[in-house]
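Each remark here refers to the structure printed beneath this line.
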Amino acid sequence: MRKLAIIGCGKVAHLHAKAIGNLSGATLAAVWSRTPDSARKFAEAYGAKPYGVDAAGIEAMIRENGIDLAVVCNPHPFHRDVTVAAARAGANVLVEKPLASTLEDCDAIIEACREAGVRLGVISQRRWYAPVQRIRKAIDDGKIGEPAFGTINMLGWRDRAYYDADPWRGTWDMEGGGVLVNQAPHQLDILLWFMGEVDEVYGLRRNLNHPYIDVEDTALAIVKFRNGGIGNIIVSNSQKPGIFGKVQVHGSNGASVGVQTDGGAMFVAGMSSVLEPPVNDLWTVPGEETLLAGWVREDSELFERIDPTVYYMERQIEDFLQALDGGREPLVTGETGRRTVELFTAIYRSTRDNAPVKFPLLPENGTDMDGRLKS
């Protein structure tokens, strides 16, 4: 039986606790929060031991309970200290997306886990959607030729109540960014999984209709990939009431494949449910054009049988535990998570400098938060 701990007891942590509770080979042994009362209430709800206040509490929690895997759920700018503390205490770590807000923090997390000899992963549970995996397999099998053109269209809405729900939302220092940092990482990760390494990015970010927040609600980018492919990214929290999130890939042989990862309204952890099933919305692989309707039906039927807010987290946690048992890396590693941060960081820096940004990116160890504050 693998012993797990949760670090940070906010809204998304409840989904992880439920996912862990559904896994036969895992148990939630302990939880940690900066606020001891939050840790106590959360621990009582899930039958775990509470810890709190500082990094010493994390180290004590890991050692006293023999924690195999710590799941980090606190706000993005605070991932670094708690993850480093957990790794140094000997726990493997699975961090909620994004890995961190800045490349400097990403690199510190990755290095701490490497030095401690523990595994590091980043939550990207949409990779376990059946329609996403179909696309990855089609690419691997050469069914679209080479991935030539990849697109993200994610049009959603966040209202005043969303930003008022937690004090960290909508601020540079506590959220680390807006739609790029909080809502878009799932789609950015999928695009990178399909298209490969990035060569250059030109991007823009704006706040169109949320004057009560500091961060962007909309961002665009043109991407050049190292394989010669190109990409286009459109992500926004400014479309009422929330429409869809889509990732599509068009191949060098003319075939196209796509997935609608989110539909109806964008999911908000602890505040809403997933309204529509993830489905393939585009499939023109020669000889397979007639399969789409059957897949949509199959995926819709699965959606009705599961709790989609928890089921896919179960699959990713399960993959991580299987990786520990098998001595392999999890599907989504810390280095993979850094690529997503590198991509949205490039959009911030490009906006600031009004110029394309070449990859790879190194941290800017200053007060600019990797291009955010002077944009």
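Structure above, values below:
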| read-out | value |
| --- | --- |
| For the stretch 1-111, Kirkwood radius (reciprocal of mean inverse C-alpha pair distance, Å) | 13.5 Å |
| Cα gyration tensor shape of the stretch 71-189, rounded if a/c is under 1.5, else prolate or oblate by comparing a/b with b/c | oblate |
| Whole-percent carbon and sulfur share, accessible surface of the chain, 1.4 Å | 50 percent |
| Sum of -39500 (n - 2.57) over DSSP H runs of 4+, divided by residues of the chain (222 nm, nearest 500) | -12000 deg cm²/dmol |
| Of Lys3/Lys97; Lys11/Lys41; Lys18/Lys41; Lys224/Lys358; Lys3/Lys49, those spanning more than 18 Å from alpha-carbon to alpha-carbon | Lys3/Lys97 |
| Rounded to the nearest 10 Å², the accessible area of Tyr163 at probe 1.4 Å | 20 Å² |
| Mean projected area in nm² (Cα convex hull; one quarter of hull surface) for the stretch 177-227 | 3.7 nm² |
| Kirkwood-based shape ratio for the stretch 237-375, expressed as Rg/Rh from alpha carbons | 1.03 |
| Cα gyration tensor category, rounded, prolate or oblate, for the stretch 137-265 with a/c compared to 1.5 | prolate |
| Accessible surface, per residue, of the chain when the full set of protein chains is kept, probe 1.4 Å, Å² | 39 Å² |
| Relative contact order, percent, the chain [alpha-carbon distance under 8 Å, six or more residues apart] | 18 percent |
| Cα coordinate range in the chain, projected on the principal axes (Å, largest first) | 57, 47, 40 |
| Largest-first ordering by accessible area, 1.4 Å probe, given options Phe149, Phe303 | Phe149, Phe303 |
| Charge-dipole axis of the chain as Lys and Arg at +1 and Asp and Glu at -1 on Cβ define it, positive-most pick from Ile109, Pro167, Leu180 | Pro167 |
| Where GluC sites (Glu not before Pro) in DSSP loops with at most 16 other Cβ within 10 Å are excluded, longest remaining stretch of the chain | 1-196 |
| Interchain or long-range residues, amide H under 5 Å from Val285's placed H | Ser256 |
| Inter-label distance, nm, simple model (7 Å from Cα along the C-beta direction), Glu146/Glu288 | 2.0 nm |
| Solvent-accessible area of Trp193 with every protein chain in place, 1.4 Å probe, in Å² to the nearest 10 | 50 Å² |
| Under 15 Å from Lys143, Cα to Cα: aspartates and glutamates that are on another chain or at least 8 residues apart | Glu288, Glu289 |
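The values are calculated or read from the model by the stated rules, or taken from the named source; none is laboratory data. Model, not experiment: these values are computed from the prediction. Positions of Cβ are generated from backbone atoms using ideal geometry, with glycine treated the same way; all protein chains shown enter the neighbour counts. With ligands, DNA and RNA removed, areas are computed over all heavy atoms of the protein, side chains included. Shrake-Rupley method; radii C 1.70, N 1.55, O 1.52, S 1.80 Å.
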